[in-house]
1. Yes or no: residue A:314 open to solvent by 50 Å² or more (accessible area, probe 1.4 Å), farther than 19 Å from residue A:91 by Cα and among the basic types (Lys, Arg)?
2. (1) open to solvent by less than 20 Å² (accessible area, probe 1.4 Å); (2) within 16 Å of residue B:460 (Cβ to Cβ): which one isn't true of residue B:67, the others all being true?
3. Just the residues that are more than 10 Å from residue B:505 (Cα to Cα) and in a loop (DSSP other than H, G, I, E, B), please, taken from region B:549-572.
4. If a residue has to be more than 10 Å from every other protein chain (Cβ to nearest Cβ) and buried (at least 16 other Cβ atoms within 10 Å of the Cβ) to count, how many in region A:70-87 make the cut?
5. Which of (1) open to solvent by 10 Å² or more (accessible area, probe 1.4 Å); (2) more than 10 Å from chain A (Cβ to nearest Cβ); (3) out of contact with any helix residue (DSSP H, G or I) (no Cβ under 6 Å at 6 or more places or on another chain) is the odd one out, the single condition residue B:125 does not satisfy?
6. Would it be correct to say that residue B:98 is at pLDDT 95 or above, part of a strand (DSSP E or B) and at the interface with chain A (Cβ under 7 Å from one of its Cβ atoms)?
7. For region B:164-179, give me each residue that is under 27 Å from residue B:226 (Cβ atoms) and open to solvent by 50 Å² or more (accessible area, probe 1.4 Å).
8. In region B:573-588, how many are open to solvent by less than 30 Å² (accessible area, probe 1.4 Å) and either part of a loop (DSSP other than H, G, I, E, B) or closer than 20 Å to residue B:6 by Cβ (or both)?
2 protein chains.
Amino acid sequence: MISRMSTLFVRTLREDPADAEVPSHRLLVRAGYIRRTAPGMYTWLPLGLRVLRRIETIIREEMDAIGAQEVSFPALLPREPYEATNRWTEYGPNIFRLKDRKDADYLLGPTHEEMFTLLVKDLYSSYKDLPLSIYQIQTKYRDEARPRAGLLRGREFTMKDSYSFDVDDAGLDASYQAHREAYIRIFDRLGFEYVIVKATSGAMGGSRSEEFLAKAEVGEDTYVRCTNCDYAANVEAVEVRAPEALPYDDAPAAHAEPTPDTPTIATLVDHLNEAYPRSDRPWEAGDTLKNVLVVLLHPDGTKEPLAIGLPGDREVDLKRLGGQLEPLEVEPMDDDELRKHPDLVKGYIGPEVLGTEGKSGIRFLVDPRVVTGTRWVTGANVDGSHVIDLVAGRDFTPDGTIEAADVRDGDPCPRCEDGTLESARGIEMGHIFQLGRKYAEALDLKVLDENGKLVTVTMGSYGIGPSRGVAAIAENTLDEIGLCWPRNVAPYDVHVLATGKDDAIYDAAERLAADLDRQGVAVLYDDRPKVSPGVKFKDAELIGVPTIVTVGRGLADGLVEVKDRRSGERTEVAVADAAAHLIGVVRG
Amino acid sequence: MISRMSTLFVRTLREDPADAEVPSHRLLVRAGYIRRTAPGMYTWLPLGLRVLRRIETIIREEMDAIGAQEVSFPALLPREPYEATNRWTEYGPNIFRLKDRKDADYLLGPTHEEMFTLLVKDLYSSYKDLPLSIYQIQTKYRDEARPRAGLLRGREFTMKDSYSFDVDDAGLDASYQAHREAYIRIFDRLGFEYVIVKATSGAMGGSRSEEFLAKAEVGEDTYVRCTNCDYAANVEAVEVRAPEALPYDDAPAAHAEPTPDTPTIATLVDHLNEAYPRSDRPWEAGDTLKNVLVVLLHPDGTKEPLAIGLPGDREVDLKRLGGQLEPLEVEPMDDDELRKHPDLVKGYIGPEVLGTEGKSGIRFLVDPRVVTGTRWVTGANVDGSHVIDLVAGRDFTPDGTIEAADVRDGDPCPRCEDGTLESARGIEMGHIFQLGRKYAEALDLKVLDENGKLVTVTMGSYGIGPSRGVAAIAENTLDEIGLCWPRNVAPYDVHVLATGKDDAIYDAAERLAADLDRQGVAVLYDDRPKVSPGVKFKDAELIGVPTIVTVGRGLADGLVEVKDRRSGERTEVAVADAAAHLIGVVRG
């Protein structure tokens, strides 16, 4: 097909849109791919829609190839199924809710686990019907508090969501693996840099979970990878390797010491080195146990205090902590809240009063590094006093461990012996989960097994965001002059520019476009007679079709210029050979 | 591609669903094409989605062929544009409204005129940019009071809506004509019986308007067609041909007469023939002028009385009347409301007190047949009294005319001399409108013309409902045993049944399916080993793929049976020739 710039519904802009925070957003708007309709909501112009559809087509082909079957649910959904799984409440203000004319409650679906579960329950009843994988490519909604970065965090967006249904864990593993491999094929075909990282499963529940991230500095997700092995994980999913428990038979008894005016770790360490110097090495922040109080917000609005114990050289990473506690939300405990707990002495809180068995009754979870036998300096629950030589497992026993401490470049790899972690940023574009039986149990999806017994089905959930993908791929591939699409998702295969005023130029360009079209090459043809060559070049660079052909001055010598948008490499080609040459380039 | 009944996500049902009112709904559910999710909302199963996609593809191809360009808007839309055109109010309870977390108003788009208008305003500014036609295929929402008949009147549905933009009326005519021809090609390709009828433009405003109806007895739309010429119109759009005005010089003066106990037309006619017999012919209902009071409900909630004068042998057709008055709603005036108008004497209302100049001040519109010079018996505004020889244009002058009287089989054709009208029912599947400048004016869409002057753009609006289309085509083509798809929209080209227990049968069926697949034929293969031939036949008849091939007992003689689903015609074909034969059948 041929689209002509003279009639294509597009207007390229020289200025950046005022609200654009990231390069992909700026360029997608400037190049005429999308227009903002409302906060977090975008209209797809023809160029953008072509990219979106190509991504969807690749996804569909690979889903079909693993035997997944396409269905399509409404976006507007009744409340009841989401009530049954408690997500109606858990989503809080993050979903759009509405009432119909009969005052019945509806939501705009943020994800469809409940609906798929009920559909399978509706149609299927036997182990013979399974395994089953079904999917849809459909519009989804989240009422984000801070929609940002154009398509990267929108409030209306498209998702491919698939779900697998199996009778047992081995089946789920196989379905998960099939999806994982399909996702790798999809991401490879899309043609940009991505990384697969271990992930938390968050509000979805379930066990095994991985994310497919587009590498991008502007990404919201921070992940780490090992410098030595192939370990990679979303920061929220990093599991600190707990050291072995230490013997503590020779440890002195814990002893409280006056430490006036040491409400911070830094002042405490200074004081320790001055008042209680150690012979072997100076006190460091890592010798102290910091006890941080936070408040958990339950979906029903109730609040619960929680204490986190971690080495004093680490900070609590609220995002990591939140990832462990979803669907609860976490916020730091403020002084007003702190005063409600008279056993807690600000700046001098110690394990003695913490824990469900402690005086305060506040649940106390510690960093995995706080293993039995480790010795700590920590608050003595008295103003101006700390305890030294407090031994975990001897002097205090926390309620459990939690991954709440920040992860840093250079931290040891949790998997291999020699590697260390380094961090980078990415954009979540795909996510695969082993949901397990959470939804099947809540909605009573059972089938008869081989022995005629009812068994609860186990499920997987697999998502890719095609609309976010447009921005993620743009972000990963753009350069300083414009968009620069991978060949498989570009809106057109070839951008033909006719530059100059001679009819011969336009005739030759027209013939070239027609030749390419006949061979199934999608052509964007800049046929605008009154637009300068400079503007045409700039538009072509901005729009980012991978191959740009200029039919211009060189035509007098029988030549056209073929430029590779990414490398900038230019080749002169005889006009007679141009179509054949370009087909070679396009087909690789 | 090959889908196997053993794994296809489908469950055919022998029983009709309890809520199904029409055959297409019953069969689409029973054959496993759709499942109900909520009132007026359906989930598409794989079979149904394939039909829907084929319809959408045909529409897309023909839209692209006339140079219309595809875009895609959000379904969730901000209130402001709809406020600017007053439709936020006019739609009343018929749209879904919601608030986001910041309390901003949104709606789920029932149609996108405003958004398209604003997008063109955003991008374009010159006559050189026009003409332009842009379209989307997208999910739309209406909160119907009475969702019914499955997909025929749903609350979430898909629409292809396109809009044309031109600088002048001639341009709009050309764009309208291009769309009309594209629609004819689309409907021809879809392969079912349809009719194009003149329509009212309803809430859309504008002038020329036609509907594409699928012929179906269960349709909600009644249309009439001329037995003589090619006139066809939705009943709401029929325009009665007004007779010539009559001379009334020799008419006697109007005279009130006592007509006690004659509150109805029938009692009045009886009384007239008894008390005031005419020499030439008896009094008939058509000699009386019936004045009917209704109440108009404005979108803002205010009410307005309206009087309709029409020959006594006609009834007011509220749907026809409503069609003329949209977006206002119409309801009969009840006695409570009537009592608020002391000048109106129930059963004896006459023109004297009606009209904006009359004592009541109530607007008075008459049927087009009530032309100047016609003589009537009508109420005298006194209980038990009527006026005889009341002459239109002499004794009373209405505020205007309105098409409110019912249309009947046998009525004269409004266009030709000799034809009469006959009625039939259909399902609206497409609608094309000349909107004119209504939206461009409300939203200030102007472009510079050739002389550098700002001119308001004129628009057309063109819709087809693909999801309703699935049901409309099903309804038009089904028979007593099941669905029976036209070839171009069938979910598969060929349904291969393996019947029997021999491995040889399944091997041969498998090979046939694979041969067809290699040639690009879409095959549904019933490979279920433990299902009886009878069930397989019944399922195939129900599902309605146009060509059914049975590989069964005949295989011993080297034969398979090819059955045409519609005609029921069976042909024995040598198994070796089956693939070639079927490809001939499929490709026509």
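The values are calculated or read from the model by the stated rules, or taken from the named source; none is laboratory data. None of the values given here were measured: they were computed from a predicted structure. For neighbour counting, all protein chains shown are included, and Cβ atoms are generated from backbone atoms with ideal geometry for every residue, glycine included. The area values use the complete protein model at the heavy-atom level, side chains included, leaving out ligands, DNA and RNA. Shrake-Rupley method; radii C 1.70, N 1.55, O 1.52, S 1.80 Å.
1. Working: open to solvent by 50 Å² or more (accessible area, probe 1.4 Å): no; farther than 19 Å from residue A:91 by Cα: yes; among the basic types (Lys, Arg): yes.
Against the criterion (open to solvent by 50 Å² or more (accessible area, probe 1.4 Å), farther than 19 Å from residue A:91 by Cα and among the basic types (Lys, Arg)), residue A:314 does not qualify.
2. Every listed condition holds for residue B:67 apart from (1).
3. Within region B:549-572, B:558, B:565, B:566, B:567, B:568, B:569 meet the criteria.
4. Applying the first criterion (more than 10 Å from every other protein chain (Cβ to nearest Cβ)) to region A:70-87 yields A:82-87.
Filter once more, keeping what is buried (at least 16 other Cβ atoms within 10 Å of the Cβ): A:82, A:84-85, A:87.
Of the residues in that region, 4 qualify.
5. (2)
6. On the way: at pLDDT 95 or above: yes; part of a strand (DSSP E or B): yes; at the interface with chain A (Cβ under 7 Å from one of its Cβ atoms): yes.
Yes; evaluated as a whole, the condition is true for this residue.
7. Of everything in region B:164-179, those that are under 27 Å from residue B:226 (Cβ atoms) and open to solvent by 50 Å² or more (accessible area, probe 1.4 Å) turn out to be B:173, B:177.
8. 0
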